[in-house]
Amino acid sequence: MGPHDIGRRIKLARHDRGMTLKAVEAASGVSATHISEIERGAASPTVGALARIALALGHRTGFFLEEDEIGEISIVTRENRVRETLDHGSATVERLTAGLPGGRLQVNQMTLAPGRSHRTERHAHAGAEALLVVSGRVRVVVGDDDIELEAGEAVHYAASRPHAYFNGSRDAVAVLLWIASRREAV
């Protein structure tokens, strides 16, 4: 990605927010003249300047650097959902949100086979997770807490706590919505 691409994205974000160069200068501490040079591709911003401009425009710094331009809206139709089978058929996952680089939120529909989990061990990562049981029963273990959920019930927890979830039934599948913020190892 070159300076022209970064500058174009900054200019579009500035226009989307209805901000003048002077308004971005006031919010970021980067001079309006320098921002104009960046927008025209005549100058490359330092990492610090780009971070301050991004904050002033209400975006993450990475928004202006990612190879694939990320729109503000992501649409996933039934036909283009990504479907995966995990652990030899113990679970299937349908991605309900696009796998965008730098995406902050993932929503998946997970189907767990009777008595199975998508993982055999507890795991932890940065961010947060929420589970909503659509059908069946799910046993959720978070830290020392062991929680049984039925259809229509939900749980939310800090994903930095060791956690795992299992189908609580021996004879019926369980379907749940799994919502997670960006996953990073801890």
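The values are calculated or read from the model by the stated rules, or taken from the named source; none is laboratory data. Computed from a prediction, not measured in an experiment: that's the story for all the values here. Note that we place each Cβ from the backbone using ideal geometry, even for glycine, and neighbour counts take in every protein chain shown. For accessibility, only protein heavy atoms count, side chains too; no ligands or nucleic acids. Shrake-Rupley method; radii C 1.70, N 1.55, O 1.52, S 1.80 Å.
Shown here: Cα Rg over 2.2 N^0.38 Å, derived from the displayed model; of the candidates (1) 0.96; (2) 1.34; (3) 1.04, it corresponds to (2).
Sum -39500 (n - 2.57) across every DSSP H segment of at least 4 residues in the chain, then divide by the residue count to get the 222 nm mean residue ellipticity, nearest 500. Present the calculation step by step, with values, prior to reporting the outcome.
On the way: 4 runs with 40 residues, N = 186.
Taken over the chain, the calculation gives -6500 deg cm²/dmol.
Per residue, the chain exposes 56 Å² of accessible surface when a 1.4 Å probe is rolled over the protein heavy atoms with every protein chain present.
The simple Förster model, with R0 at 30 Å and r as the Cβ-Cβ distance, assigns E79 and A130 a FRET efficiency of 0.70.
So if each residue of separation counts as 0.36 nm, and I subtract the Cα-Cα distance between H123 and S44, what length gain in nm does that give? Could the numbers behind the result be given before it?
Numbers: separation 79, 0.36 × 79 = 28.44 nm, distance 4.05 nm.
So the chain would gain 24.4 nm between H123 and S44.
Carbon and sulfur together cover what percent of the accessible area of the chain at a 1.4 Å probe radius? Roughly 52 percent, rounded to a whole number.
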